[in-house]
1. Cβ neighbours within 10 Å, averaged per peptide: list 223-229, 127-133 in order, most packed at the top.
2. Subtracting the Cα-Cα distance from 0.36 nm times the residue separation, let me have the gained length for Leu211 to Ser128 in nm, one decimal.
3. Divide by every residue of the chain the summed helix terms, -39500 (n - 2.57) for each DSSP H run of at least 4, and state the resulting mean residue ellipticity at 222 nm, rounded to the nearest 500 deg cm²/dmol.
4. Using a 10 Å cut-off on Cβ atoms, rank the peptides 98-106, 157-165 from the highest mean neighbour count down.
5. Roughly how many nanometres apart are two label points built 7 Å out from the Cα toward the Cβ at Glu121 and Asp8?
6. Give me the one-decimal nm value for the distance between modelled label points at Ala74 and Ala98, 7 Å along each residue's Cα-to-Cβ direction.
7. At 0.36 nm per residue, and after removing the present C-alpha to C-alpha distance, how many nm does the segment from Glu137 to Leu59 gain when stretched out fully?
8. How long are the three semi-axes of the equivalent ellipsoid of region 4-91, in whole Å, if each is the root of 5 times an eigenvalue of the C-alpha gyration tensor, listed from largest down?
Amino acid sequence: MFSSIVTDHWFRAVELSDVPASVGTRRVVVDSTLSQNRRLMVLDPVGTGGIVLVAPDLLRRLGFEVGAEIDAPALASAVSAADLELNGADHLYYFSTAEQTALRTEGLPTGVRELSEDDAELFAAFQSEAPSGELDEAFVELDHWLVFGAFVEDRLVCAASMYPWGGTTLADLGVITLPPFRGRGLARQTVRALSARALELGHEPQYRCQLDNHASVALADSAGLTRFATWDVVASDED
């Protein structure tokens with residue numbers, strides 16, 4: 001259902017056959033490639049059990065055994081006892097392989113195009129009108145790897161951008177629509193146009209949002225994305 005780029009990334013440290021079948025149960029997996037700010041990660045794929053990825057130096061501190069199966073209360077207890085916190089889970093969305101085929105055949109919607117540094121003035125005006133909290137959360141920037149926008153009467157009213165995520169060919173995306181122009185399907189059109197171009201360039205579109213961000217969940221669904229998993233990481237020392 002999902003591209004091998006997605007599954008190879010998330011299950012690089014474990015065989016798929018070792019992922020527990022029971023929802024709510026996670027397999028403890030040691031991953032020496034984890035960075036400091038992701039030295040503990042929890043992945044819960046849709047419809048099956050999950051995995052807890054742990055850096056080697058954190059394994060003993062958490063009291064885990066390699067290959068053990070643990071449930072949510074046991075994980076929460078171990079994390080608390082180790083004086084750690086989890087950041088708070090995000091939904092992970094990707095386009096299914098079937099939807100990717102559809103994306104590749106779509107043309108650009110009227111009023112949607114790729115943005116460049118030549119659009120700096122238009123983008124600055126867009127940023128000045130966007131809610132400040134959403135600018136921080138969505139992380140849409142003109143200098144990102146790939147940027148698309150939707151226009152109404154030559155005014156930029158929706159923007160979406162992507163950047164390669166964690167040194168992979170996954171491309172993390174964010175999108176913002178100015179409040180007066182919401183409900184018109186502009187975000188959906190922009191996300192799909194942006195994603196089609198990313199696929200053309202050999203990258204896999206990735207959409208993340210917090211579990212309680214119902215507007216973002218609705219956008220993911222309308223854009224044709226499919227929920228792959230929830231994902232959580234250890235909170236950084238600065239959080």
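Quick note: the coordinates plus some simple rules give every number you see, no bench work behind them. Because the structure is predicted, anything quoted here is derived from the model rather than measured. Glycine also receives a Cβ, built like all others from the backbone with ideal geometry; neighbour counts cover every protein chain displayed.
1. Highest to lowest by the protection proxy: 223-229, 127-133.
2. Extra length available between Leu211 and Ser128 comes to 27.1 nm.
3. -9000 deg cm²/dmol
4. Per-residue Cβ counts within 10 Å, averaged per peptide and sorted highest first, yield 157-165, 98-106.
5. 4.5
6. Placing both labels 7 Å along Cα→Cβ, they lie 3.6 nm apart.
7. Stretched fully, the Glu137-Leu59 segment lengthens by 24.9 nm.
8. Semi-axes, largest first: 19, 15, 13 Å.
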